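Working notes, beginning with the structure itself.
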Amino acid sequence: MSAPGPGRLRLHLTPAAETAVRRGHPWVYADRIRRQNREGAAGDLAVLYDRHDRFLALGLYDPGSPLRVRVLHVGEPVVVDDAWWAARLDRAMAVREAGFGADTTGWRCVHGENDGWPGLVLDRYGEVGVLKLYTEAWLPRLEALVPLIMSRLRLRSLVLRLSRNVAVVAEGRHGRREGDVLAGEPVDRAVEFLEDGLRFESEVLRGQKTGFYLDQRDNRRRVGAMAAGGRVLNAFSFSGGFSVHAARGGAVEVVDLDISGHALASARRNMGLNAGVPMVAAARHESVQADVFEWLAGSPGRVFDLVILDPPSMARRESDREGAIAAYGRLATLGMARVRPGGVLLAASCSAHVSAEAFHETVRGAVLRAGVRFEELETVGHPFDHPAVFPEAHYLKAIYLRRALR
Ligand code: SAH
């Protein structure tokens, strides 16, 4: 994959940005570029120089984004050719392949910046890959990238997904659309895969993220391990991942609560896919289509042994932060009221703009105000196929609390 376009794009950064890049931060904002030798096009390989005109780093240029350069490599100069990209993909794959057995076939192969592929996510659901792009910079590079991914991951099909801002320019400028099958056999429906031996569908063409919340795998395992004999409320259930794990773990009742009928239908299908598992078949499954805040605030009296609160991101931008924290606090307060003595509350957040500390403190504060005794069991972060290597990457956090018996 050689850089498209004319002569090398050369950039000089502000001293502060130079220091950040040297320390490994992968983003350079447009206002941190002091000068550049020419206009850059999306996907250009930019060479960053330090204040003494020495080589600093290589990155991908995106003229349409305030996040102008996403760093690929820092240190000594390197030749970025097909072999370099292949080695980089193999490195990410080797870590995952060693970590998953045959009973888990859905996982994140490449987690963007954290794996050296800035703005690019690659998930696999069995033999179907889903490539999600968060910067236009990758679009001119797809021709070289797709065969590499197909062969290294041994895929049957590769689906393209685009963040909203990239989708806007993809068709006009690059002839690509959200949901395109980039290579292999056509994909026209949800794709089945395994997680810890349980069967799930992922709506790879249109579903949220790449079709499934792979990032909650570790929490689903924990939930499965603590569900025996209990009644479980899965609030913001989406396609019911937590519920299926809880059912196999021996829950007598699982309630999926989501505002989306589409999500609840998928959750019912996922439960059905596992009807051959005796514990899953034995569990009572209920779907409730409602706003979580309203449902929890109303219909008092119904309590559970395990309450899961895994809402969508509440802070899309920094200015949403305070509002998000208030919403997390309110949600924790409402959720706690539904936990039976001896039961557990799992509260999660996927807002990158709310730090783990702020989130955990918010939930702890809600506990104190509730005046009910809860013991903190643990706080957890990212699963190993979703590494987080720079501050802004730490989006996922969760806290487990057990309500005292009296
Ligand atoms: N816990 C899920 C992922 C949650 S995604 C999993 O592990 O797979 C967030 C979900 O919350 C979506 O399905 C969305 O439809 C739902 N949602 C968003 N706002 C909601 C609200 N106010 N009340 C109920 N559901 C809501």
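The values are calculated or read from the model by the stated rules, or taken from the named source; none is laboratory data. Nothing here was measured: the structure is a model prediction, and the numbers come from that model. Positions of Cβ are generated from backbone atoms using ideal geometry, with glycine treated the same way; all protein chains shown enter the neighbour counts. The protein model used for the area step is the full one, side chains on, heavy atoms only, and it has no ligands, DNA or RNA in it. Shrake-Rupley method; radii C 1.70, N 1.55, O 1.52, S 1.80 Å.
Evaluating 6.51 cos²θ - 1.76 cosθ + 1.60 at θ = phi - 60° for every residue in region 291-307, the Karplus couplings come out as 6, 4, 4, 5, 5, 5, 6, x, 5, x, x, 7, 10, 9, 7, 9, 10 Hz, glycine and proline recorded as x. Could you look at the chain and say what percent of its accessible area is carbon and sulfur, using a 1.4 Å probe and all protein chains? Ligands and nucleic acids excluded, carbon and sulfur reach 52 percent. Based on the convex hull around the alpha carbon atoms, the chain presents an average projected area of 20.2 nm².
Given R0 = 56 Å, the distance between the Cβ atoms of A404 and V277 translates into a calculated FRET efficiency of 0.95. Here the Karplus curve 6.51 cos²θ - 1.76 cosθ + 1.60, taken at θ = phi - 60°, turns the phi angles of region 136-147 into couplings of 4, 4, 7, 4, x, 9, 4, 4, 7, 6, 4, x Hz, with x standing for Gly and Pro. Between the helical axis of 356-370 and the longest alpha-carbon principal axis of the chain there is an angle of about 20 degrees.
In terms of packing, defined here as the mean over residues of other Cβ atoms within 10 angstrom, the peptides 88-97, 354-363 line up highest first as 354-363, 88-97.
Highest mean packing comes first when the peptides 387-400, 253-266 are listed by Cβ atoms within 10 Å, giving 253-266, 387-400.
As a test of the formula, what do you get for the chain when each DSSP H run with n ≥ 4 contributes -39,500 (n - 2.57) and the sum is divided by the residue count, at 222 nm and rounded to the nearest 500 deg cm²/dmol?
Roughly -9000 deg cm²/dmol at 222 nm, from the helical runs in the chain.
Computing FRET efficiency as 1/(1 + (r/R0)^6) for T14 and A102, where r is the C-beta to C-beta distance and R0 is 45 Å, gives about 0.35.
Shown in residue order for region 63-74 are the 3J(HN,Hα) couplings computed by the Karplus curve 6.51 cos²θ - 1.76 cosθ + 1.60 at θ = phi - 60°: x, x, 10, x, 7, 6, 10, 10, 6, 9, 7, 10 Hz (x for Gly and Pro).
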